[in-house]
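The values are calculated or read from the model by the stated rules, or taken from the named source; none is laboratory data. If you're wondering where the values come from, they're calculated on a predicted model, not measured in any experiment. No Cβ is skipped: glycine too gets one built from the backbone with ideal geometry, and neighbour counts run over all protein chains shown. The area values use the complete protein model at the heavy-atom level, side chains included, leaving out ligands, DNA and RNA. Shrake-Rupley method; radii C 1.70, N 1.55, O 1.52, S 1.80 Å.
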Amino acid sequence: LPIAALIFLAVVFEVTVHKATISMTLPSEQLSQTVRLPQTFEYKQASVSSNFTAKTKATGATFVGERAKGVVTLYNSDTSGSVSFQKGQAISTSDGLTFTLDDSVKVASASGDASSITSSTAKASVTASKIGTEFNIKQGAKFTVDGVSSSDVVGKNESEITGGTKEEVTVVSEEDYATLEEQIEKQAADFAAQKLKETGSSDLVVIPDMTKTTLSKKVYTADIGDEESEVSLTAASGISYTAISREKALSFFEKIFVDDVGSSKKLLPETFEFVI
């Protein structure tokens, strides 16, 4: 071939076969700002309601049991006159355990003189002021009557005082009620979100601070303090909410950012994210 033809073929081969791909990464930056939505923005307000049921384990604790009972003999060493005590009068052991009289009791005055005094006695049924086994007292314990000098009146149990018991049990607490209400409110919120999807409103974004859940017709299966292992709540729950269109919100935000970045930069709207 002529030299000119060879040169032409060489140029064509170089242009068509040998190609170069150039990738360019341009500088980018993340923009963030807080925007106050205007009152004129398009808001959607609605409400939904339904009945919900929640259940939780009881977490409270208290002690239950029986009060110890017995008989105490009261000794009156005062020769000047008899003494009377009303039902409910407190008497205590030397280590501070308190009992109360089950009935009113009168003890006659002591006889004799200073050299030889014979105390008068009267038996009184007593009940411990609290539940507990510590109030089970062996025979022979000494008692004093609250507000009365021990030099005048003392007591002594001639037989054991028994029947005191105490055990810890699980009961319904105020915290359990609060837990149930939180569960109902969560169910109501999920229910509202599901309703939005069912109505084809997945574009809507609910504004948390403008969402309100109310509970009514609350029925608990147990009262606070009841001895139960679990408790349930059935309630009617209504949730009112305010929402905005995600698409319209992004369009609104894009206009704001366009004004901020100017003409020297290009926005990427598909990367917008926002939290209300």
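Things worth noting here:
For (1) modelled with pLDDT of 70 or more; (2) surrounded by 12 or more Cβ atoms within 10 Å (Cβ to Cβ); (3) more than 38 Å from the chain's Cα centre (by Cα), each residue gets a yes or a no:
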position: LEU1; (1), (2), (3): no, no, yes
position: VAL15; (1), (2), (3): no, no, yes
position: HIS18; (1), (2), (3): no, no, yes
position: MET24; (1), (2), (3): no, no, yes
position: GLN30; (1), (2), (3): yes, no, yes
position: THR34; (1), (2), (3): yes, no, no
position: GLN39; (1), (2), (3): yes, no, no
position: SER50; (1), (2), (3): yes, yes, no
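- Condition check for PHE191: assigned to a helix (DSSP H, G or I) and surrounded by 15 or more Cβ atoms within 10 Å (Cβ to Cβ): yes
- Qualifying residue in segment 223-230 (condition: assigned to a strand (DSSP E or B) and open to solvent by less than 80 Å² (accessible area, probe 1.4 Å)): no
- Flag for LYS130 being open to solvent by 30 Å² or more (accessible area, probe 1.4 Å), touching an Asp or Glu at 6+ places or on another chain (Cβ under 8 Å) and modelled with pLDDT of 95 or more: no
- Odd one out for LEU250 among (1) assigned to a loop (DSSP other than H, G, I, E, B); (2) touching a Pro at 6+ places or on another chain (Cβ under 7 Å): (1)
- Taking the conditions (1) open to solvent by 90 Å² or more (accessible area, probe 1.4 Å); (2) in contact with an Asp or Glu (Cβ under 6 Å, 6 or more places away or on another chain) in turn, LYS217 satisfies each one other than (2).
- Count of residues meeting criterion [touching a residue at least 12 places away in the same chain (Cβ under 8 Å), touching a strand residue (DSSP E or B) at 6+ places or on another chain (Cβ under 7 Å) and in a strand (DSSP E or B)] in segment 104-122: 8
Residue by residue, here is whether (1) out of contact with any helix residue (DSSP H, G or I) (no Cβ under 7 Å at 6 or more places or on another chain); (2) in a strand (DSSP E or B); (3) polar (S, T, N, Q); (4) surrounded by 15 or more Cβ atoms within 10 Å (Cβ to Cβ) holds:
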| residue | (1), (2), (3), (4) |
| --- | --- |
| THR62 | yes, yes, yes, no |
| ALA68 | no, yes, no, yes |
| ASP78 | yes, no, no, yes |
| SER84 | yes, yes, yes, no |
| ILE91 | yes, yes, no, yes |
| ASP95 | yes, no, no, no |
| PHE99 | yes, yes, no, yes |
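- Top-ranked residue in segment 156-188 [being open to solvent by less than 40 Å² (accessible area, probe 1.4 Å), hydrophobic (A, V, I, L, M, F, W, C) and part of a helix (DSSP H, G or I); ranked as modelled with the lowest pLDDT]: ALA188
- For segment 101-127, the set of residues classified as buried (at least 17 other Cβ atoms within 10 Å of the Cβ) and not β-branched (Val, Ile, Thr) consists of LEU101, ALA110, SER119, SER120, ALA122, ALA124, listed by residue number.
- Looking across segment 134-146, the residues that are outside any strand (DSSP E or B) and in contact (Cβ under 8 Å) with a residue 40 or more places away in the chain come down to PHE135, ASN136, ALA141, ASP146.
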